[in-house]
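Before any comments, here is the structure.
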Amino acid sequence: MREYSTPALADIPAKASLADVVFRRAEEEPEAVMMRRKVAGDWVDVTCRGFRDEVVPLAKGLIAAGIAPGDRVALMSRTRYEWTLIDYAIWSAGAVTVPIYETSSAEQVEWIIGNSGARAVFAETAGHEATIGSVRAQLPDLETVWRIDALRPLTEGGEAIGDDEAGQRRASVSSGDLATIIYTSGTTGRPKGCRLTHANLLADTRNATEGALTEIFDMGAGSTLLFLPLAHSFARVIQVGCLGSGVVLGHTSIADLVPDLASFQPTFLLAVPRVFEKVYNTAVQQASESPVKSRIFRAATETAVQYSQALDAAARGEGGPGLALGLRHGLFDRLVYGKLRAAVGGQVKFAVSGGAALGERLGHFFRGVGITVLEGYGMTELAAALTVNRPSRNKIGTVGLPIPSASVRIAGDGEVLARGPMVFPGYWLNDAATAEILDGDGWLHTGDIGSLDDEGFLRITGRKKELIVTAGGKNVSPAVLEDRLRAHPLVSQCMVVGDNRPYVAALVTIDEEMLPHWKQQHGKAGDATIASLRDDPDLLAEIQQAVDDANKAVSRAEAIRRFRVLAIDFTEAGGQLTPSLKLRRSVVAKECAADIETLYS
């Protein structure tokens, strides 16, 4: 199949704003819980009326401070309740939110604030203020910096603004107006500012929540706990979807995730594959503390995978799990699966995963455990989501069907093209880059390689610009191999190389959290470092097993022939990963040039 479309379920009127939901829900269901926020260690309900009553004074403060319709206001913070509050206040004032990752460098901050022409910025910490201050001289448009934990002066300044004036400002917004500029992670070159309108985000979220993911967003008592950065479009679209559909939203950080999951007890989660890999690998590590537990967990894993695969077979009319498998599954549910579900709060039924491939085995494992992971696909230029698997139509190994209103086409060279109301109007102040990604017929060229099956499910097989062409002329997609390699508990990151080389090879980094347990198992000194172990025969044999497993997914000509364990890990702080955990290949290739040469010496 070369093209597949799903009819729209929600049309966005010309007069619509992302902020409208705050006021509509405050009128229709004032006492309904919209969010829960952490206060002194306890979760406190925020009602629809309560949230509106916080948004309005902040919006009035922005208006009083001189923020005009269409002005850009930057927001540099981790994911927290105030992020959502400020976002909706900016929209209520008719302005445009420009997110900045909390980990951004001074150079990145200068570029985003300067390029967007932001007149003001909200900063979470004194450190963020200092970063902004260090480049303030190069930002002539920046007038004001507000601290998130000291908003009272801003709201007090807004007391001079009447309700009518604030209401007129909000009512002046049209759905085609700019809502946000989200800067891409910048795997190559400077980040580009993606212009997203109110209509882009509303069309994407409403068609997803009212169609593709109705079972998740229409559960009555549904809730989710956001821990991914709201500066990224993936978490942002979930924020908009939750407030619009009535799912209770909470905010936390990776550091507080485990205890907060236990106390918040969400019904679904949003995560990237690395999170699911960590959950599984931690369970493997804990089980391997004794031979008996290890055997039980291995058997439980195989049973979960087989049970999920049997569910797929039943959906095809080829029989179901059967009595014996069902009994084993019930036994392990009491012994193992229930504990895994309890680790994420005990109430999670579904999870939505994006950003990279999860891997079919992990997908089947989690569904067998009782947590169905729905993989989706999108990009910032698509207001986040283009395709997603449905709870009722989940094809593990694919990224699902187009959400209602979206069309997917596979070009002659295998590139995935997208069209629909979620497609952005273009990059901020960059017509040349816009012309490269948007064609005259409205199709967005994603840069990803994929295929559509006979039911319209999309499968992503690689990145067009990342395709490796070996000296022998073989095209190799590194993502297929890298995704499988990273699934091994001991592997943190990896990068497949081989462009214009005689064969495919890989750089591998070690997961520092898993290394101590591995050292104990294999009789290595407790103080042994990765640098001292990178050529250890036992470690190399362990990684070779991961490589052998990855190679099963490709032909012999595409298989990894050699690998090299690195003494460092790839991290965002080190500059090798973007804030959304994408690999900066050019950075790694430059920093690890000597290691790459060793692979071919």
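Cα-Cα over 28 Å: which of K339/K582; K474/K590; K464/K552; K192/K474? Check vs 28 Å cut-off fails for K339/K582; K192/K474.
If a/c stays under 1.5 just call it rounded; otherwise compare a/b with b/c (prolate if a/b is bigger, oblate if not). Do that for segment 221-328, with a ≥ b ≥ c from the square roots of the Cα gyration tensor eigenvalues. Cα axes put segment 221-328 in the oblate bin. Rounded to 0.05, the FRET efficiency of the S586 and A299 pair, given R0 = 35 Å and the Cβ-Cβ distance, is 0.20.
Taking only the C-alpha atoms of segment 467-599, the Rg (one decimal) and the largest Cα-Cα distance, Dmax (whole number), read 14.6, 45 Å.
Given a Förster radius of 22 Å and the C-beta distance between V258 and Q285 as r, what FRET efficiency does 1/(1 + (r/R0)^6) yield to the nearest 0.05?
Once rounded, the FRET efficiency stands at 0.90.
Computed as a quarter of the hull surface, the mean projected area of the alpha carbon convex hull for segment 124-255 stands at 11.8 nm².
Average 1/r across all pairs of distinct alpha carbons in segment 271-464, invert it, and you get the Kirkwood radius: 18.4 Å. What is the antiparallel percent of DSSP beta bridges lying wholly in the chain, to the nearest 5? Percentage antiparallel, nearest 5: 55. Inter-label distance, E455 to E31: 4.5 nm, where each label sits 7 Å from its Cα along the C-beta direction. What does the charge count near W443 come to, summing +1 for each Lys or Arg and -1 for each Asp or Glu among other residues with Cβ under 15 Å from its Cβ? Cβ neighbours under 15 Å give a net charge of -4. When restricted to Cα atoms, segment 418-511 yields an Rg and a Dmax of 17.1, 47 Å, respectively.
Computed over segment 69-169, the range of Cα coordinates on each principal axis works out to 41, 24, 20 Å, biggest value leading.
So what is the calculated 222 nm ellipticity per residue for the chain, using -39500 (n - 2.57) for each DSSP H run with n of 4 or more, over all residues, to the nearest 500 deg cm²/dmol?
-11500 deg cm²/dmol
When both segment 73-87 and segment 20-56 are represented by their alpha-carbon centers, they are found 16 Å apart.
List the trypsin sites (Lys or Arg not before Pro) within segment 504-601 that fall in a DSSP loop (any state other than H, G, I, E or B) and whose Cβ has at most 13 other Cβ atoms within 10 Å.
Here the sparse-neighbourhood loop sites are K552.
Across the chain, Cα-Cα pairs farther apart than 41 Å form 25% of the total.
What is the sum of charges, Lys and Arg at +1 and Asp and Glu at -1, for the other residues whose Cβ falls under 11 Å from the Cβ of D45?
0
Here the alpha carbons of segment 526-601 define both size measures, Rg and Dmax, at 14.1, 40 Å.
Each reported figure results from applying straightforward, stated rules to the coordinates on display, with no laboratory input. What you see is a predicted model, and the numbers here were worked out from it, not measured in a lab. We place every Cβ from the backbone using ideal geometry, glycine too, and count neighbours over all the protein chains shown.
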